1. Is there a residue in segment A:146-154 that is more than 30 Å from A:Glu245 (Cβ to Cβ), under 29 Å from the mean Cα position of the chain (by Cα) and not assigned by TED's automatic domain parsing to the domain that holds A:Ile225?
2. I'd like the full set of residues that are touching a residue at least 60 places away in the same chain (Cβ under 8 Å), assigned to a helix (DSSP H, G or I) and surrounded by fewer than 20 Cβ atoms within 10 Å (Cβ to Cβ), limited to segment B:41-75.
3. Look through A:Ala183, A:Ala109, A:Ala174 and report the one residue that is free of Cβ contacts under 8 Å to residues at least 40 places away in the same chain and of a type in the set (A, V, I, L, M).
4. Looking at B:Tyr69, B:Tyr30, B:Tyr38, can you tell me which residue is at pLDDT 85 or above, within 10 Å of chain A (Cβ to nearest Cβ) and touching a Phe, Trp or Tyr at 6+ places or on another chain (Cβ under 8 Å)?
5. Return the pair list, or none, for Cβ contacts closer than 6 Å from residues in segment B:29-40 that are closer than 16 Å to B:Asp53 by Cα to residues that are of a type in the set (S, T, N, Q), at least 6 apart or on different chains.
6. I need the full set of residues from segment A:10-28 which are part of a helix (DSSP H, G or I) and either more than 8 Å from chain B (Cβ to nearest Cβ) or hydrophobic (A, V, I, L, M, F, W, C) (or both), in order please.
7. Between residues in segment A:20-32 that are over 19 Å from B:Tyr146 (Cα atoms) and residues that are basic (Lys, Arg), which pairs lie under 9 Å by C-beta distance while being six or more apart or on different chains?
8. Looking at the structure I just gave you, is A:Ala77 modelled with pLDDT under 85, among the small types (Gly, Ala, Ser) and more than 18 Å from B:Ala173 (Cα to Cα)?
Amino acid sequence: MDIQKYIASGIIEQYVLGLTSEEEGTAVEQAAAQYPEIQQHIEELRNSIEQYALAHAITPPSGLKNKVLQSVDPSRAPVETPTIPSKKGIPFWLGGVLTAAFLTAAIMAGMFYWNNQSQQEKLDQLKTEMATLQENCDLLKNSNQQIIAALKDPNTKHIHLRGTAVSPESLVVAFWNENDEEAYLNVINLPNPPEKHQYQLWADIDGKMVSMGVLDLKGDEVLSIPFMAQAESLNITLEPEGGSEHPNVEQLHVSGEV
Amino acid sequence: MYEDLSVNNKEQHIINLLHAGDKKAIEIIYDQYAPALYGVVLKIVQSEEIAQDVMQDAFVKVWQNASHYNKAKGSLFTWLLNIARNKAIDATRSKHFKNGQKIQSLDHIVHTNRKLSEETQIQHIGLKRLVGNLDSKYRIVIDLIYFKGYTQKEVGEYLDIPLGTVKSRVKIALRELRKVFNHTKVGLITFLLSLFS
């Protein structure tokens, strides 16, 4: 008999899975008894199937042992199997549960921490913003109080800077307080300066035009301007952006005597 | 090979008790093999309740047939597996089972392995991976025959493949398992290599 050919035929695989007829089975058993190689092949295949079955092993519920023992021996008294897990250590499934629980807790703690950190950052940011706003608010309040105080002061002079031929509709009012040496400018009407141009304020002192600065017009807020005691008149000209050293008299828009 | 010897000794001890009609054998068998038998039964019947009934029936049959066990026809484990497997397959074919069984995926059954030693557990994780590595077209043939009790003809009809193909797949499947389980190291290396090829 050609043993290799017999093994290769697949009949042994059929036999170990219980798929052969009784006759075929007996033939395989006889061949196995005669040839150790065939016997070994059978054993290896059986072992494979056992291992395959073992790979699916699952612990039965704890109460099953008693039921099984009682069904084999009905006279046997039921014994309560302790449900307390083995004292040898934590059962592996519980270990898994604990590990999972620990990991979850750790991850959540991490998330809380991270979350807390980012919340803290946000809070700090908001605090800074809040402080800035508060500061701006105080500054605004102070300057408004100053302006209101100046306006209420009976010593404050109202100087009307009226439009020239260039800009007859224009009107600017200056508040001039010689006691406190304070001055403010309220632009009531001035045409929007063309692009790259700005209005510049001049004081006429002894026939000379002295710059008091360029006007940064933003809406209708009251501007604080320098107080110049010797100023005889206040004049506003249109100048190139950034202002000029000498006024462009042709572009004198408003003027008023102090 | 101290390990093998002790396993053989233990098996022989159980066989002696069985042949002597000592009911202690059943308890030892239960402690030794219950998780493996229960796993197979549960895979077949897919219901913990039915699986427990099947286990009781199987152990009764083990006890009743104790004197028939013949070592020459395979190991004690193979014999026990076949009894449990046949009882489970019988259960799936009963009218009661067909009426009452809910369709349930095996994946939903929690796998716990407390009774087995730590060593075998670790081994099993490896085994499951190796088994998982077996081409599904071979695995399904083995599972239908071994866990569902299908005949090869039924497998052929079920998968719509010729009987000859079923037989050759049975052969290849078992050889692959043999490679995996009897030469675990070689199997592992092949498996690892297959990851990089």
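1. no
2. B:Glu48 - this is the single residue of segment B:41-75 that is touching a residue at least 60 places away in the same chain (Cβ under 8 Å), assigned to a helix (DSSP H, G or I) and surrounded by fewer than 20 Cβ atoms within 10 Å (Cβ to Cβ).
3. A:Ala109
4. Unique residue meeting the criteria: B:Tyr30.
5. Qualifying pairs under 6 Å: B:Pro35/A:Thr59.
6. Within segment A:10-28, A:Ile11, A:Ile12, A:Tyr15, A:Val16, A:Glu22, A:Glu23, A:Glu24, A:Gly25, A:Thr26, A:Ala27, A:Val28 qualify.
7. A:Glu29/B:Lys73
8. So A:Ala77 passes the test.
The values are calculated or read from the model by the stated rules, or taken from the named source; none is laboratory data. These numbers come from a predicted model, not from an experiment. Quick reminder, even Gly has a Cβ in these numbers, built from the backbone with ideal geometry, and neighbours come from all protein chains shown.
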